[in-house]
Number of protein chains: 2
Amino acid sequence: MTKQRKITLSEAEIPTHWYNVAADMPTPPLPPLNPGTREPIGPEMLAPLFPMKLIEQEVSVERFIEIPERVREAYTLWRPTPLFRAHNLERALDTPARIYYKYEGGSPSGSHKPNTAIAQAYYNAEQGVTKITTETGAGQWGSALAFACQMFGLECEVYMVRISYDQKPYRKLMMNTWGAEVIPSPSERTQAGRKILAEAPDSPGSLGIAISEAVERAVADEGTRYSLGSVLNHVLLHQTIIGQEAIKQLEKAGEDLPAVVIAPFGGGSNFAGLAFPFLHRKLSEGAKIRAIACEPASCPKLTRGVFRYDFGDAVGMTPLLPMYTLGHTFVPAKIHAGGLRYHGAGALVSQLLRDGVIEAQAIDQLETFEAGVTFARAEGIIPAPEANHGVAAAIRQANEAKEAGEARVILFNLCGHGHFDMAAYQDYFDGKLQKHALSQSDIDAALAKLDTPKIPAAV
Amino acid sequence: MTKQRKITLSEAEIPTHWYNVAADMPTPPLPPLNPGTREPIGPEMLAPLFPMKLIEQEVSVERFIEIPERVREAYTLWRPTPLFRAHNLERALDTPARIYYKYEGGSPSGSHKPNTAIAQAYYNAEQGVTKITTETGAGQWGSALAFACQMFGLECEVYMVRISYDQKPYRKLMMNTWGAEVIPSPSERTQAGRKILAEAPDSPGSLGIAISEAVERAVADEGTRYSLGSVLNHVLLHQTIIGQEAIKQLEKAGEDLPAVVIAPFGGGSNFAGLAFPFLHRKLSEGAKIRAIACEPASCPKLTRGVFRYDFGDAVGMTPLLPMYTLGHTFVPAKIHAGGLRYHGAGALVSQLLRDGVIEAQAIDQLETFEAGVTFARAEGIIPAPEANHGVAAAIRQANEAKEAGEARVILFNLCGHGHFDMAAYQDYFDGKLQKHALSQSDIDAALAKLDTPKIPAAV
C-alpha cells in the first residue's frame, strides 16, 4: 500500500494532560459576573452546580492539567480516534491540497461530546455526587452524558426539549439504553416547568427552559450536580485531547503543522478541542497556522454578533459571560445542525477571536449539506449536520489551494456521524433546504434588548 | 495504563489474502444443482448473474486467494477494525474468562457487510459491468452495496421490501446518500413485480419477491449483474478478513488461540468471517477451538432444520444448494434481527456442521436484548439486534467459565451497531418482547412441502 489513509495511535499514546489555552493567551479571558451585583463571581457561587475540581479547572491558568488515570482508561473505549487522509475527497475536488480529518464519530454516542462527559462524570463521582442533571436539545449531549454516567455509576436525569423528545425518539432511547432518565421539558417536576405549563400546557419547550429545570433540580439536592456540554472553560479543556492526538498523528504521517485547522462552531468545545493544541504552537512558537471556526449563517455570533457580557441561557439565570453573542433572546432558525443553534460563544474562544488569534466563517446550511454528500460519496462516512460545517469549510480551503496551486495541508474535525440525522438528508435530497438569509434587522432587534454590561474597547 | 483494551493493527497489516476453508474441509461441499435437470451446474449458468472472477472463487479449492490491491485500498476506509478486550463486561459478569470482541460496526454502513460488497463491486467494475442490482430487507446489505458501488463508480439498483421501505426510511436515505436508486418491491419495473401487484396491489413484499426482481433486472441487461450479501461461498470467503485480523490481534495481546469463537448466524457470512480462519488452525494443526454459530430460536435451521438440497430464495428460482434448511417456504417470525431471518445456511457452513467441525446454538430474542443492554452499559457500544446473538452466546460462555473456574478466552464478532435499530430497543424496554416458542409442527409443515433432492446419510 503506497497511500496511507488511516493514522492510528496506540492506547499508550492517549495524551496524559489536557492543554489549557488560558496559559498562552495574549489577553486573559474576562471573569464571569454575578448578574445581580455585576461583580466577578467566586467559586462558592458555582459549588452547588459543579464539583470543586471542575470549578478549579474553570479558572486555572496552568498550561497542562493531568488527566486522571480512570478518565484515560474510560477514553480507551473509543480513543485514540483515527486521523484520516482524505485521498478520495482530494481526487474528487482535484485539489493539490492534502486534506486530513480527525474522526470523532466512533465514540459510543457518535460525537466528540463524551471527551468531556467522561471527565465530568469522573470528577462528580470522585466528590461523592450521586446524580447529574443536564438538558439536551437534539440529544447529542444528553446521550454522551448518559453514557458517561453509566460508566461511573451515577444516576443521570436529562431534560429534553419537548419537541425534540417527540420528534427524535431514538436519541432518547439511546439514553435509556445507558440507564438515564429522560424527561420531556417543560415538566411537572420543577417550579420552572410547572410555571411554563400553567401558562402554556402545550409548550414545545426550549433549551432555555430545559436548562432552568436541570439547574433547579441540581441546586435542590445535596447529592446532585449539573453538567454543561460546551461553552465553559473546563468543557473546552477536556476536548483538547482531540488536537493533541492529531498533532502526533500528523507527525506520524510525515507532515509539518497544517496550514489551516477547521472545526464546526456551536458554543466552542468542538472547535477548541481540535484547534487549541495547535494554537499552543502558534502562540508559544510563532507557528503560522490559521484556525477557522465554522458557524451556521443562520446563527452568526462570531461573524455578526457583538463582544459583550451576556447570559448563557435564554432565560437569564446564569452568570454573565464575556462572549461574542447575538443576544440571549435571539432565536436561531431551526436548521438541522441543532448542536450549533446557540446564541453565544464561550469566553476563551471569544477573547481569541477578539485578539485576532483565530478566524470565523459563516456557512449556509445548503452549502453544508452539499459538502456532506460530496464527502460521504468520496470517503464513505455520512457526517452529522454539525460536522458538515467543517467539511464545507475544508472544501472551500481545498478550492482556494487549487486556485493558488499550493499543496497546503488542511485539517478538519469530523466531529460526528449522521446516523440519527438521516431525515435532514431527506430534506436536502427533497430540495427542501433553501439558502437562508438572516436580515440585519433581526440581529439588531435581539441585540437591542441587551442591557447587560458592555466590554470596553481597550480590553 | 496497565489494562490494554483496544488492540489495533496498521494498514500494512490488512491481510493480503482471503482464506478459503474449502481447501481444509474434511468433506468437500456438495455442488449446487440445476433445479430443472438436478445436475451440478456449471459456471455458464451463473455468468449472467456474476462476474467470472466471483464464479471462479465460488468453486475454488485454493487455500489462499489474493486480495486485489484496489480492494485492500478501499478496505483502509475502515479496516483494520479494532479488537477489544471487554474488561468492563468481564467485571459486570464477575467471570474469570477473558472476553474479546472484534468490532465491525465502524464501517461506513455500520456492519461487516462492506467486506464483501467492496470485493464484489471491484470484480464487477473490473469486468466492465456498469450496474449491480440487489435486494434488501431491513437495509443493512443494500446500504453496504450502495457504498461499495459508489467507491467503484457503479450504478446500484436496490429492491427493498415494500414494508421495510415504508417503515425504515433512514436505511433507504443512507443508500440514496451513496447514490443508489432504491425501489420498493414489488415494483412495476419487472415482470415478477407486475405480476404480484396485479394480484395484490397492496403487497408488503418479501425478500423472495425482491430477489426475483433484482435477478430479472440483472439477467435482462448485458451490462448489469446481481449481487448477494451472504450464503454463497465467495461471499463467505471475502469475510475471512475479519478472523485473520483477529488472530493477529490476539497474538499482539499475548493470547494463545481462543477456547471458543462465536458469531451470529443468518446465512453464514458473519460467522464464517470470524470463524473460518480459526478453523484453518483447527483443521490443519489440530488446535482445540470451539466455533459456535448463534441463530435466533425463531429461525433455527442449524439446530432444528434438515440437511438437504433446497432453494436459496422463497420463490424457488435459484440453483439448489446443499444446506441446513427449514424449507424455503418457512416464514420466520418478525424478530428485530432481520438479518438472521433466513431459512437456510450456506453450503460451506452446512457441511462443516454436518461433519461436527462447528457447533450451533439457538437463542431467544428476549435473551439477546438482555445481553445487548448489559453489553451497552458495560462497554458503551449499542449493538445491532443481530449482533446481540453473539453477545448473548458470549455471556453464556463466560458464565460457564465462571462455574468451571477457568480463565477461558472467548472471542465474538460484534458485527454491527444498533443506531438504526433503536425502535427494537424501545420494544424491549416497553416489555413487548416475549420469549418466542416455535412449535415443531410449524417446522414439520414447512419441511413437508419440500420436494427437493435429499442428501444421502453417507455424504
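What follows is calculated from the coordinates using simple rules that are stated; it is not laboratory data. Note that this is a predicted model, so its numbers are computed, not measured. All Cβ positions, even for glycine, are placed from backbone atoms using ideal geometry, and neighbour counts span all protein chains on display.
The table for this structure:
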read-out	value
Net length gained if the chain between B:Thr303 and B:Thr130 were fully extended (0.36 nm per residue, minus Cα distance)	58.2 nm
Chain A: translational diffusion in µm²/s, Stokes-Einstein, Kirkwood Rh over Cα pairs, 10 °C, 1.306 mPa s	72
Counted charge near B:Ser143, where neighbours are those whose Cβ lies closer than 10 Å (Asp, Glu -1; Lys, Arg +1)	+3
Estimated distance in nm for a label pair at B:Glu285 and B:Ser439, the labels positioned 7 Å out from Cα along Cα-to-Cβ	5.0
Inter-part distance where segment B:172-223 and segment B:381-457 are each reduced to a Cα centre, Å	29
Residue order, fewest to most beta carbons within 10 Å, for A:Met317, B:Met175	A:Met317, B:Met175
Exposure proxy ranking, count of Cβ atoms within 10 Å, fewest first, for A:Met151, A:Met174, B:Met45	B:Met45, A:Met151, A:Met174
Packing-based exposure ordering (other Cβ within 10 Å, fewest first) of A:Thr8, A:Thr368, A:Thr130, A:Thr177	A:Thr130, A:Thr8, A:Thr177, A:Thr368
Nearest-0.05 FRET efficiency for A:Glu39 and A:Val61, computed from C-beta distance (R0 25 Å)	0.75
Furthest towards positive pole of dipole, B:Gln244, B:Ala148, B:Ile65, structure part chain B, Cβ charges	B:Gln244
Cα centroid of segment A:121-147 to Cα centroid of segment A:68-95, whole Å	24
Full-stretch length increase - A:Arg70, A:Ala448 - with 0.36 nm per residue and alpha-carbon distance subtracted	131.4 nm
For chain B, calculated [θ]222 nm from helices alone, where every DSSP H run of n ≥ 4 adds -39500 (n - 2.57)	-12000 deg cm²/dmol
Dipole moment magnitude, nearest 20 debye, segment B:246-327 about Cα centre, only Lys, Arg, Asp, Glu C-beta charged	140
As computed over the protein assembly as shown, the Cα convex hull volume per residue (Å³)	166
Where Rh is the Kirkwood radius over Cα pairs, Rg/Rh for segment A:264-394	0.99
Listed residue pairs exceeding 27 Å between alpha carbons, taken from A:Lys113/B:Lys334; A:Lys3/A:Lys248; B:Lys248/B:Lys435; A:Lys248/A:Lys435	A:Lys113/B:Lys334; B:Lys248/B:Lys435; A:Lys248/A:Lys435
19 Å cut-off, amide nitrogen to a point 7 angstrom out along B:Lys252 Cα→Cβ, residues in segment B:65-86	B:72-86
Hydrodynamic radius by Kirkwood, which averages 1/r over all alpha carbon pairs of segment A:114-228, in angstrom	13.7
Per-residue mean of C-beta atoms belonging to partner chains within 10 Å, peptide B:376-384	5
Ranked by how many other beta carbons lie within 10 Å on average, peptides B:94-101, A:386-393, A:65-72 from highest	A:386-393, B:94-101, A:65-72
Rounded Å value of the spacing that divides the Cα centres of segment A:303-335 and segment B:258-274	53
